[in-house]
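The values are calculated or read from the model by the stated rules, or taken from the named source; none is laboratory data. This one's a predicted model, so the numbers in the text were calculated from it and none came from an experiment. Every residue, glycine as well, gets a Cβ built from its backbone with ideal geometry; the counts of neighbours run over all protein chains shown. Quick note on the areas: whole protein, heavy atoms, side chains included, nothing else; ligands and nucleic acids left out. Shrake-Rupley method; radii C 1.70, N 1.55, O 1.52, S 1.80 Å.
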Amino acid sequence: MATYDSIGATYAHTRRPDPRIAAGIHEALGDAATVINVGAGTGSYEPAQTVLAVEPSSVMIAQRPAGAAPALEASAESIPVADDSADAVMALLTVHHWSDLEAGIGELRRVARRRIVILTFDLEMSHGFWLLKEYLPEAAAFDERRAVPVERLVALLGGARVEPVPVPHDCTDGFLASFWRRPEAYLDPRVRAGISLFAQIGDGLLQPGLTRLSDDLTSRRWHRRHADLLDREALDVGYRLVVADV
């Protein structure tokens, strides 16, 4: 909560929804006529049929665009709506911030009539991402304490299908691994300010790794080491859609 009150000031600018990722999320929602977005933030990826957003940070709510679905300042662990309130409930890149995962998943199951769609990340694949593995192992260690195994989500949902979400090389949403082919972006404090993992750790701990990255970019060492990435259009860096019918 405190994290998003602090990074939320620029979140709407650094975390603009990517239309290709949006298409996958909306396809996963299927023919749901009504959707509730839990951990909604500024409203990224909300489809037109969203009837309610649930978000604990007033800073994030204040940045929701005009015409967005109404928002309730509330947490995923206690959603103040009736049972079976919407055809589908979505929760995007939020479960690792919840204080009580079981309670939150229980609330999603209570509120959704037909489907739950969760966007999350596979911890093992995420830690294999070059930025964390080669430059910021301290961030990877911190991430391990908060990450939610995909298998645990599937079990709590009572079964679900899991779909990979490839990240385009020019992704417009500035989440952690979105700059996999644009490494210089991680040197920009405005970019890091919109990534919750970095915001929670702080630049002091990150600076040695960022200095190494800067040096490797200047010397072109990074480009030689990761030449295989330079012609890729998209990359699987561990993001996953978990889709459950209830």
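Annotations for the structure displayed:
- Flag for D245 being at pLDDT 95 or above, of a type in the set (D, E) and open to solvent by less than 70 Å² (accessible area, probe 1.4 Å): no
- Filter result for L101 (under 19 Å from P47 (Cβ atoms), open to solvent by less than 20 Å² (accessible area, probe 1.4 Å) and within 20 Å of the chain's Cα centre (by Cα)): no
- Residue tally, condition outside any loop (DSSP other than H, G, I, E, B), open to solvent by 30 Å² or more (accessible area, probe 1.4 Å) and in contact (Cβ under 8 Å) with a residue 40 or more places away in the chain, over the range 226-240: 2
- Checking P149 against (1) closer than 23 Å to L206 by Cα; (2) without any contact (Cβ under 8 Å) to a residue 40 or more places away in the chain, the condition it does not meet: (1)
- Subset of the range 54-93 (residues that are hydroxyl-bearing (S, T, Y) and modelled with pLDDT of 95 or more): S75, S78, S85
- Of everything in the range 52-75 that is assigned to a loop (DSSP other than H, G, I, E, B) and closer than 16 Å to A91 by Cβ, the residue that is nearest to the chain's Cα centre (by Cα) is E55.
- Residue count, the range 166-175 (criterion: out of contact with any helix residue (DSSP H, G or I) (no Cβ under 6 Å at 6 or more places or on another chain), in a loop (DSSP other than H, G, I, E, B) and crowded, with 19+ Cβ neighbours inside 10 Å): 2
- Residue within the range 181-188 that is in contact (Cβ under 8 Å) with a residue 60 or more places away in the chain, out of contact with any Pro (no Cβ under 6 Å at 6 or more places or on another chain) and open to solvent by 30 Å² or more (accessible area, probe 1.4 Å) present: no
Listed here are the residues, each with its yes/no results for (1) within 19 Å of E138 (Cβ to Cβ); (2) in a helix (DSSP H, G or I); (3) touching a strand residue (DSSP E or B) at 6+ places or on another chain (Cβ under 9 Å).
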site	(1), (2), (3)
V191	yes, yes, no
L197	yes, yes, no
G204	yes, yes, no
L217	no, yes, no
V242	no, no, yes
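- Test result for A139, touching a residue at least 60 places away in the same chain (Cβ under 8 Å), surrounded by 14 or more Cβ atoms within 10 Å (Cβ to Cβ) and part of a loop (DSSP other than H, G, I, E, B): no
- The numbered conditions (1) within 19 Å of R152 (Cβ to Cβ); (2) open to solvent by 20 Å² or more (accessible area, probe 1.4 Å) are all true for V95 except (2).
- Some residue of the range 54-76 being open to solvent by less than 60 Å² (accessible area, probe 1.4 Å) and closer than 22 Å to P149 by Cα: yes
- Candidates in the range 1-39 are the residues that are at pLDDT below 95 and either outside any helix (DSSP H, G or I) or among the charged types (D, E, K, R) (or both); of these, the one that is surrounded by the most Cβ atoms within 10 Å (Cβ to Cβ) is R15.
- So D87, is it part of a loop (DSSP other than H, G, I, E, B) and either open to solvent by 40 Å² or more (accessible area, probe 1.4 Å) or farther than 24 Å from A147 by Cβ (or both): no
- Any hit, the range 152-161, residues being part of a strand (DSSP E or B) and not β-branched (V, I, T): yes
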